[in-house]
1. How much length is gained if the chain between residue 321 and residue 30 is pulled fully straight, taking 0.36 nm per residue apart and subtracting their Cα-Cα distance, in nm to one decimal?
2. With just the Cα atoms of the stretch 286-354, tell me how far they stretch along each of the three principal axes, in Å, largest first.
3. Angle, helix 313-324 long axis vs. longest principal axis of the chain, Cα atoms, 0 to 90°, nearest 10?
4. For Cα pairs less than 8 Å apart in space and 6+ apart in sequence, what is the mean separation divided by the residue count of the stretch 364-485, i.e. the relative contact order in percent?
5. What's the angle, to the nearest 10 degrees (0 to 90), between helix 408-421's Cα axis and the longest principal axis of the chain?
6. Express in % the proportion of alpha carbon pairs of the stretch 237-289 at distances exceeding 15 Å.
7. Exposure proxy check: 15, 439, 65 ranked by fewest other beta carbons within 10 Å?
8. Across 5 Å bins from 0, what is the distribution of all Cα-Cα pair distances for the stretch 161-234, in whole percents?
């Protein structure tokens, strides 16, 4: 990334390049954790790893700033591992390859990890540069944020001394975030029974691939297709033809809109051509339906090996009915903030598990700025799957972050932004889970804010960060730290 080294935010890009070179998908952050610990030791920066795996780094105030209010910079270690289906990449061993694409930086057909790698890089860059003026400073780097905010849940109440927390995990330059949605997982085990396949019949794999996917919070209002939901709809439209499902799966993360899904069906060979015709027709219809939001997906059917078993007729019908009729997407918009979703759900993952008990494991993530509405939506989805004998558990509940209209750090950042860029920033809430909501339970005295550069399509291989926005983000971060009283 040599072209980026001459920009104002060159220190940030330098650290981000190092972060990209070290694999750090969720639940596999050990290599990056060790690198940061060793780097801090070489720089004589105090670094503590807590019981859950969070890192807390501490730096003394600049000369003359010793009496300033202590500040905590906060980011998370992990990145979402997503790739296109034709991309060969092992997130446990392979580095991320950043590519400069005009005004943007993206990866080579994988997630980039700008969420939250740019924020992490900026925190390390602040610690690294003794010329940047600031008061007493702590940097909190949480572990395993993307799969359930594990580090934030496990943070001890007396671990930090700061009074202001600046979260670096927002994704639109020019906006200062003062609130976020809470979330809860609806986990379903949908039982099924199976029977032997008829050896006189043939098997076919039906696949939906090439959808854009994206973040199930910030991208949920973009009208993108959910591969699991659309596959269920396609199969439902084949019900005029006698077939049975053998397997069905789709999605990989509860907080990412599913980009791909596939099913293996078994039927008599005489029906293949008619099924193929229907699927081709449905593909055309879906492309018309999503012409404004999707541009490169396919619905395909190909012959495959005959599996040993299929679902019984009752299990087949239960599966399709439960998926096809499950509510999904935007439920309500926020009246207080334009174009911000208030309540949504994402049917993110379905996997098939066989053993002593056979079931489909389904993960739905419900988000809302309103706690009561979050639980009402989750209860609605739970009741829906219980109709089909699903065993349902609501898990991983985390609170939203209620906006503080009297926030001193917001006022400081607003002044600094206007001074730097001759315009006011927007006060916003985000329809995503920021760790601030969890922090407010354990540190109710903290004055918190979240901001970041412009990052588009996180949690998908289309993820990209706007290069110039990182310059603005870096300038505002430094100016803010200096301005804190």
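Every number here is computed from the coordinates shown, using simple stated rules; none is lab data. Small disclaimer: the values here were computed from a predicted structure and weren't measured. Here the Cβ positions follow ideal geometry from the backbone for every residue, glycine too, while neighbour counts run over all protein chains shown.
1. Values: separation 291, 0.36 × 291 = 104.76 nm, distance 4.20 nm.
100.6 nm is the gain from fully extending residue 321 to residue 30.
2. 55, 28, 18
3. Approximately 40 degrees, to the nearest 10.
4. Working: 91 pairs, mean separation 29.0, N = 122.
It comes to 24 percent, rounded to a whole number.
5. So the inclination is approximately 90 degrees.
6. Working: 830 of 1378 pairs.
So the portion of pairs separated by more than 15 Å is 60 percent.
7. Details: 15 20, 439 23, 65 16.
Listed from fewest to most nearby Cβ atoms, that is 65, 15, 439.
8. Going from the shortest bin to the longest, the percentages are 3, 7, 12, 14, 15, 12, 10, 8, 6, 4, 3, 3, 1, 1, 0.
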